[in-house]
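Report on the following structure.
The values are calculated or read from the model by the stated rules, or taken from the named source; none is laboratory data. All of these numbers come straight from a predicted model, not from anything done at the bench. Neighbour counts are summed over all protein chains in view; Cβ atoms, including those assigned to glycine, are modelled from backbone coordinates with ideal geometry. We work out accessible area using only protein heavy atoms, side chains counted, and drop any ligands, DNA or RNA first. Shrake-Rupley method; radii C 1.70, N 1.55, O 1.52, S 1.80 Å.
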Amino acid sequence: MGYNIAIDGPAGAGKSTIAKRVAKELGFIYVDTGAMYRAIALYFLRKKIDLTNEKVVSIACESIDITIGYQGKEQQVYLNGENVNSFIRTEEVGKLASISAGNREVRMKLMELQKALAQKENVVMDGRDIGTYVLPKAQLKIFLTASAKTRAKRRFLELEEKGTECDINEIENDIIERDKRDMTREIAPLKQAVDAILIDSSEMTIEQVAESIIKLYYESK
Ligand code: C5P
């Protein structure tokens, strides 16, 4: 097993930005598991799969192949061989990802891929269930959070920068709704692992959070 750093937390807490920084600094591979759930959701969206029908979703899963690759340090997600990175970052896909992530078949499929990646390499993996289910033996576990207001504001600025028009209150409501669904689902709900270290980034900069994780890494060695 490589050295595994698990970073979990709610939507918009800054997990991917932080995880990327930490991975770069330590020379680890960054694995964004949310992108995998988003790629599966994109498949369901394109095929107009009824996500309320567990059976239909499970059967559809059999026709889905998710793999990842890297362009430089940037993770690319492939859905049945197609690079779908540029299609998965919308709010719509995020919401559908959170709905379909409650399906057992979907989770089993991705968990296998995620475990296999961490087995071979030193990774910083971010998601919702990494420290609790995917990599329960990870040497360092972080639970990264921030207030819903802060997270909504960050997401708003991110979307604005991309030129996407949006409403901050709507984003906050979406975030709260998504967190609730992620925390209350039956399988692998979002929660802090007992041995995870809690970091609240509401009043911290990206650099401060990344530095504190890197410090924890060196202390754990
Ligand atoms: O992190 P991101 O916003 O890209 O994740 C999209 C959705 O995928 C989350 O809201 C969550 O429902 C799901 N997800 C998950 N388990 C993970 C990563 C993401 O259930 N490890």
The number of residues in region 102-114 that are farther than 25 Å from residue 176 by Cβ and either away from the ligand (no atom under 15 Å from the Cβ) or small (Gly, Ala, Ser) (or both) is 0
Look through region 143-172, keep the residues that are in contact with a Leu (Cβ under 9 Å, 6 or more places away or on another chain) and not in a loop (DSSP other than H, G, I, E, B), and return whichever of them is modelled with the lowest pLDDT. 171
Meets criteria (free of Cβ contacts under 8 Å to residues at least 12 places away in the same chain and away from the ligand (no atom under 13 Å from the Cβ)) for residue 48: yes
Report, ordered by the first and then the second residue, all pairs with beta carbons closer than 6 Å, sequence separation of six or more or different chains, a first member in region 100-125 that is more than 21 Å from residue 187 (Cα to Cα) and hydrophobic (A, V, I, L, M, F, W, C), and a second member that is modelled with pLDDT of 95 or more and part of a helix (DSSP H, G or I). 124/19; 124/22; 124/23
Give the residues of region 175-206 that are open to solvent by 70 Å² or more (accessible area, probe 1.4 Å) and within 16 Å of the ligand (Cβ to nearest atom), sorted by residue number. 176, 177, 180, 183, 184, 186, 191, 192
Say we look at region 128-174 and pick out the residues that are small (Gly, Ala, Ser) and in contact with a helix residue (DSSP H, G or I) (Cβ under 7 Å, 6 or more places away or on another chain); which of these is surrounded by the most Cβ atoms within 10 Å (Cβ to Cβ)? 138
For region 85-101, indicate whether the set of residues that are modelled with pLDDT of 95 or more, of a type in the set (S, T, N, Q), touching a Ser or Thr at 6+ places or on another chain (Cβ under 8 Å) and within 10 Å of the ligand (Cβ to nearest atom) is non-empty. no
Residues (within 13 Å of the ligand (Cβ to nearest atom) and either closer than 12 Å to residue 192 by Cα or surrounded by fewer than 22 Cβ atoms within 10 Å (Cβ to Cβ) (or both)) located in region 115-127: 115, 117, 127
Condition first: assigned to a loop (DSSP other than H, G, I, E, B) and over 14 Å from residue 34 (Cα atoms). Can you find one or more residues in region 88-101 that meet it? no
